[in-house]
Amino acid sequence: MSTHDPELWAGFDEMTAEDVAGPVWDEPVPLNPRGQLPVFPVDTLPDWLGAMTAGVAEETQTPIDLAGCLALAAVGTAAGGRLTVTVRGQWSEPVNLYTAVALPPGNRKSAVFGLMTQPLLAAEKALIELTAPQRAEAAAAARIAKAAAERAEKQAANAEAEKAADLTAQAASLSQAAERAVIPAEPQLIADDVTAESLTTLLAQQDGRISILSPEGEIFEIIAGRYTGGAPNMGIFLKGHAGDMARVNRQARDAQYIENPAITMGLAVQPDVLDAIGQIKGADGRGLLARFLYSKPESLVGYRNLTPELLSPDTAATYAHKLGRLALTLAAWTETAELTLTPEADAVLLAYQRVTESRLRKDGPLLPIVNWASKRDGAVARIAGLLHLAAHPEDAWTRPITAESMAAATRLGDYFTAHALDVFNAMKADPAQEAAHTVLTHLRETRTANFTKRDLFRATPRSDFPAMSDLDPALNLLEEHGWVRQQPPPPRTTRGGRPPSPRYETHPRITPGA
């Protein structure tokens with residue numbers, strides 16, 4: 001039969017492209033877009049601090065963001081609220097920070113914490129040993145005062161009437177002196193799982209400073225009300241960041257005031273914990289969320305170098321020496337020192353303030369995180385103080401902060417801003433958005449053209465999708481956005497049995513060139 005025979009082509013002119021190749025795909029609608037977040041700019045740190053940060057990240061094969069944020073928190077712990085940055089006029093900032101890094105399990109967070117905090121724990125141990133004689137002397141004096149008061153009370157109780165009044169007054173005076181006797185607490189630089197009440201007591205015992213450095217996120221559960229029946233308890237965490245006076249009430253004693261409390265926090269949490277803190281009642285309105293500097297680096301799990309370069313002993317020794325010496329030096333201070341800015345550093349910060357202000361205008365990029373962004377310039381001043389302290393650990397308090405340190409701090413400010421935008425966006429996002437991102441990433445990485453719902457369930461982590469039904473919101477959202485489409489189910493047979501799992505095909509953009 002000739003190819004020109006009309007009978008051969010009968011009916012083909014009525015067919016469409018979809019009849020031959022299937023339904024035509026429209027351009028998919030992007031999910032809530034996520035830009036590539038910047039990596040922690042380790043070159044902003046002074047040499048010894050940057051070398052340790054990079055070395056720890058390499059050996060542990062963890063994102064450099066974790067060690068970088070901990071480096072800032074470690075210097076803040078050593079500073080212990082003993083320094084403030086005087087910007088201009090009455091504006092000053094203490095140099096303590098709250099940092100929170102979000103990383104999934106399996107990212108060796110504990111190993112990074114161990115390496116970055118070891119010099120601080122060593123300094124803490126040295127402080128305990130150095131102050132042991134003073135504490136022993138104070139304890140002996142307290143015992144002597146208590147014994148004298150008890151003897152005086154017995155004498156007054158057994159005294160003749162004419163002597164009773166004088167002996168009673170003397171006993172009362174000695175009893176008051178015994179009550180006022182204070183035994184200094186063992187020095188402590190770092191706390192971990194503490195209630196808000198015990199944290200306040202720690203601040204009183206530690207001359208107004210304490211640091212919480214933890215590879216877990218229990219502190220957020222405590223703030224949310226783990227020990228208070230679900231009632232949020234964030235007052236001391238707000239005051240400890242701002243340096244606002246706090247009061248400690250103790251039985252049988254007058255209230256004790258902590259004039260300038262300084263809490264430093266360096267936390268590593270699972271991403272879902274970071275998202276959940278947005279649900280703490282009052283956390284946003286009272287400004288708790290705005291006080292944290294957030295980081296959400298990409299996990300390296302699955303892409304790690306199994307034979308990394310090991311941390312140089314010289315790098316670790318230099319880090320331990322400089323950080324430990326700084327902690328020991330400032331622990332002895334009873335007064336706060338002011339760090340000032342050079343005119344050039346002030347000009348750099350002022351230019352940064354103008355950028356912040358312009359971006360807070362109507363429809364500005366920082367308006368969605370206005371509470372956080374309103375504290376951005378203050379955070380940059382604090383970071384500049386820490387960088388200055390790390391650059392001159394022997395005498396930073398005798399010289400002003402330079403423009404170089406301030407410029408480095410503004411780069412870190414930009415880094416934390418990008419991550420804050422992503423964190424707050426995730427806090428407010430529909431949970432289906434996150435699930436859809438997870439599924440879409442899986443489909444792209446595996447270049448999947450067709451799949452069943454059951455196959456997808458088997459291929460995705462149970463931590464993301466505990467039950468097969470948990471995939472439904474993600475698949476529905478991806479279908480609405482045109483990334484996948486469900487194929488018609490095959491005809492049912494008369495044999496019964498379990499219906500086949502829904503089958504999907506993916507947009508060609510997911511499998512380019514396949």
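A short reminder: the numbers here are calculations on the coordinates, not readings from a lab. Computed from a predicted model, the values in this text were never measured in an experiment. Neighbour counts are summed over all protein chains in view; Cβ atoms, including those assigned to glycine, are modelled from backbone coordinates with ideal geometry.
For segment 330-446, the spherically averaged projection of the C-alpha convex hull amounts to 11.0 nm².
Approximating the spin labels as points 7 Å out from Cα along Cα→Cβ, the residue 371-to-residue 195 distance works out to 2.6 nm.
When only Cα pairs under 8 Å and 6 or more residues apart are kept, what is the percent relative contact order across the chain? Value for the chain: 21 percent.
The Rg/Rh ratio of segment 431-510, with Rg taken over Cα atoms and Rh as the Kirkwood radius over Cα pairs, comes to 0.98. Rounded to the nearest 20 debye, the dipole size of segment 324-477 about its Cα centre is 500 debye, using +1 on the Cβ of Lys and Arg and -1 on the Cβ of Asp and Glu. Distance between the 7 Å Cα→Cβ label points at residue 511 and residue 303: 2.4 nm. Each of the chymotrypsin sites (Phe, Trp or Tyr not before Pro) that DSSP puts in a loop and that has at most 16 other Cβ atoms within 10 Å breaks the chain; the longest unbroken stretch is 26-226. Each Cα pair under 8 Å and six or more residues apart adds its separation to the average, and for segment 431-510 the resulting relative contact order is 42 percent. For the chain, the longest principal axis of the C-alpha atoms and the axis of helix 403-428 are separated by about 60°. Using only the C-alpha atoms, the convex hull of segment 69-223 corresponds to 175 Å³ per residue. Pairs from the list 125/281; 362/428; 296/453; 322/375; 125/146; 281/375 with a Cα-Cα gap above 28 Å: 125/281; 296/453; 322/375; 125/146. For the chain, the residue among 457, 133, 224 whose Cα projects farthest onto the positive side of the dipole built from Cβ charges is 133.
If you average 1/r over all unlike Cα pairs in segment 25-83 and invert the result, what Kirkwood radius do you get in angstrom? Kindly include the intermediate steps, with their values, before the conclusion.
On the way: mean 1/r = 0.0725 Å⁻¹.
For segment 25-83, the Kirkwood estimate is 13.8 Å.
Here the calculated FRET efficiency for residue 159 and residue 180, from their Cβ-Cβ distance with R0 = 25 Å, stands at 0.50, rounded to the nearest 0.05.
If you take the square roots of the eigenvalues of the alpha-carbon gyration tensor of segment 128-178 and sort them as a ≥ b ≥ c, do you get rounded (a/c under 1.5), prolate (a/b over b/c) or oblate?
On the way: a/c = 6.79, a/b = 4.00, b/c = 1.70.
Taking the square roots of the gyration eigenvalues as a ≥ b ≥ c, segment 128-178 is prolate.
Using R₀ = 25 Å, calculate the FRET efficiency as 1/(1 + (r/R₀)^6) where r is the Cβ-Cβ separation of residue 398 and residue 332; round to 0.05. FRET efficiency, residue 398 to residue 332: 0.95.
Going by how many other Cβ atoms sit within 10 Å of their own, how do 42, 29, 348, 370 line up, fewest first? Before the final figure, lay out each step's value.
Working: 42 18, 29 9, 348 23, 370 12.
By the 10 Å Cβ count, ascending, the order reads 29, 370, 42, 348.
Which of 31, 288, 349, 310 comes first, and how do the rest follow, when ranked by fewest Cβ neighbours within 10 Å? Provide the component values of the computation, followed by the final result.
Working: 31 17, 288 22, 349 25, 310 9.
The order, fewest Cβ neighbours first, is 310, 31, 288, 349.
Its residue count N sets the reference 2.2 N^0.38 Å, and the alpha-carbon radius of gyration of the chain equals 1.32 times that reference. With contributions of -39500 (n - 2.57) from each DSSP H run of at least four residues, the per-residue ellipticity at 222 nm computed over the chain stands at -16000 deg cm²/dmol.
In segment 109-192, which GluC sites (Glu not before Pro) fall in coil by DSSP and have 11 or fewer other Cβ atoms within 10 Å? Walk me through the numbers on the way to the answer.
Details: sites: 124, 129, 137, 150, 153, 160, 162, 179; in loops: 160.
Filter output for segment 109-192: 160.
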